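Notes follow the structure.
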Amino acid sequence: MSRQRKGQKIDGWVVLDKPVGLGSTQAVGRVRRLFGAQKAGHGGTLDPLASGVLPIALGEATKTVPFVMDGRKEYRFTLRFGEARSTEDAEGEVTATSTVRPADAAISAVLDRFTGEIEQMPPAYSALKINGKRAYDLARAGETVALTLRRVRIDRLEFLARADEDHADFVVSCGKGTYIRSLGRDLAVALGTVGHLSALRRTVAGPFREEAAISLSKLEALGHIPPLLGALAPVATALDDIPALALTDAQAARLCQGQPVSLTRDAPPPGALVRAEAGSRLVALVRSDGASLQPVRVFNL
């Protein structure tokens with residue numbers, strides 16, 4: 001006899017405006033408990049000292065998390081010149097200082113070095129695993145953290161403003177795996193000084209934007225299920241960039257049973273990933289072989 005999963009069947013995305021001081025895992029737990037949902041996950045970690053868009057998947061939406069993780073991210077951040085810190089943000093201990101404060105023109109002049117495909121060394125205090133252990137656990141234990149350079153993509157890096165000579169504000173649009181703390185550290189070094197992030201806010205994560213985000217306090221104020229459901233975005237929101245294909249109910253039933261569907265015409269090209277729908281219902285993610293559709297992910301909606 002199969003064990004029944006605890007909680008309610010709640011399917012969709014909550015676009016949370018995560019507050020500073022709360023970890024991503026804690027945020028997911030809070031949202032899951034609010035909804036009483038069976039399953040929950042998130043679309044990309046935000047450090048406790050960062051705020052902004054944390055997409056939280058409930059129920060069947062957890063099957064679409066990889067598409068948000070792989071999507072474009074956008075951040076606003078403040079780089080504090082003159083102090084390097086162990087964590088590359090304001091949480092860590094000061095490890096080096098410098099009296100050099102770059103001019104605005106110098107800041108603008110180095111930005112092109114950090115756009116396009118670049119190599120980046122992740123922070124020692126990161127969730128990357130080394131021999132099965134998290135890098136931040138090794139760093140906190142005082143052990144040497146041996147990480148390797150990673151290739152990441154930065155599509156846009158713009159210098160916004162300067163509150164004072166110690167601080168500079170930027171906006172960055174980037175791909176999967178980019179560490180903004182590392183970017184800030186490397187920017188400061190390129191400018192002949194040292195630095196760390198004093199503020200970080202994510203404004204875009206895949207299809208989710210800060211204009212649609214809701215604060216944890218507002219979610220908690222809604223209090224119970226009927227109003228909370230109004231804060232849910234559909235499961236398919238994470239798949240907006242994937243083309244949709246309309247199926248009949250009979251074809252949808254085959255996919256739901258894990259069986260391929262043959263197409264006599266209008267088949268997507270071989271290798272294409274397609275969102276299969278019956279009416280307004282998301283049925284499955286399917287892969288075309290040119291003549292039929294093979295189920296990749298089936299949704300129980």
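Just so you know, all these numbers are worked out from the coordinates, no wet-lab data involved. Because the structure is predicted, anything quoted here is derived from the model rather than measured. Note: ideal-geometry Cβ built from the backbone for every residue, glycine included; neighbour counts use all protein chains shown.
Each Cα pair under 8 Å and six or more residues apart adds its sequence gap; the mean of these over the residue count of the chain is a relative contact order of 21 percent. Taking only the C-alpha atoms of the chain, Rg followed by Dmax gives 22.2, 71 Å. May I ask for the net charge around VAL31, where only other residues with Cβ less than 15 Å from the Cβ of VAL31 are counted and Lys, Arg are +1 while Asp, Glu are -1? Combined, the nearby Lys, Arg, Asp and Glu give +3. Each Lys or Arg adds one and each Asp or Glu subtracts one; over the other residues with Cβ under 10 Å from the Cβ of LEU245, this totals -1.
Per-residue ellipticity at 222 nm computed for the chain from its helices equals -5500 deg cm²/dmol, with DSSP H segments shorter than 4 residues left out and the rest contributing -39,500 (n - 2.57). For the pairs LYS9/LYS39; LYS39/LYS133; LYS129/LYS176; LYS63/LYS129, note any where the Cα-Cα span goes beyond 20 Å. With Cα atoms farther than 20 Å apart: LYS39/LYS133; LYS63/LYS129. Spin-label model, ALA146 to ASP266: label points 7 Å out along the Cα-to-beta-carbon direction sit 5.7 nm apart. Of the peptides 276-285, 179-188, the ranking by mean beta-carbon count within 10 Å, highest at the top, reads 179-188, 276-285.
The charge dipole of segment 73-198, taken about the Cα centre with unit charges on the Cβ atoms of Lys, Arg (+1) and Asp, Glu (-1), comes to about 560 debye, rounded to the nearest 20. Kirkwood hydrodynamic radius computed over segment 73-198 comes to 14.9 Å, based on all pairs of distinct alpha carbons.
Would you work out if segment 157-247 is rounded, prolate or oblate? Take a ≥ b ≥ c from the square roots of the eigenvalues of the alpha-carbon gyration tensor; rounded if a/c is under 1.5, else prolate when a/b is larger than b/c, oblate otherwise. Verdict is oblate for segment 157-247. Here the relative contact order of segment 242-298, from alpha carbon pairs under 8 Å that lie six or more residues apart, stands at 38 percent. Summing Lys, Arg as +1 and Asp, Glu as -1, what charge do residues with Cβ under 10 Å from the Cβ of SER215 carry, SER215 excluded? Summing Lys/Arg as +1 and Asp/Glu as -1 gives 0.
Computed from label points 7 Å out along Cα-Cβ, the spacing between THR99 and SER217 is 4.3 nm.
A Förster distance of 45 Å, applied to the separation of the beta-carbon atoms of GLU158 and ALA127, puts the FRET efficiency at 0.95. Among beta bridges identified by DSSP and lying wholly in the chain, the antiparallel ones come to about 85 percent.
Across all directions, the shadow cast by the convex hull of segment 22-114 built on its C-alpha atoms averages 8.0 square nanometres. The simple spin-label model puts a point 7 Å past each Cα toward its Cβ; for SER280 and ARG209 those points are separated by 2.3 nm.
For segment 242-298, the spherically averaged projection of the C-alpha convex hull amounts to 3.2 nm².
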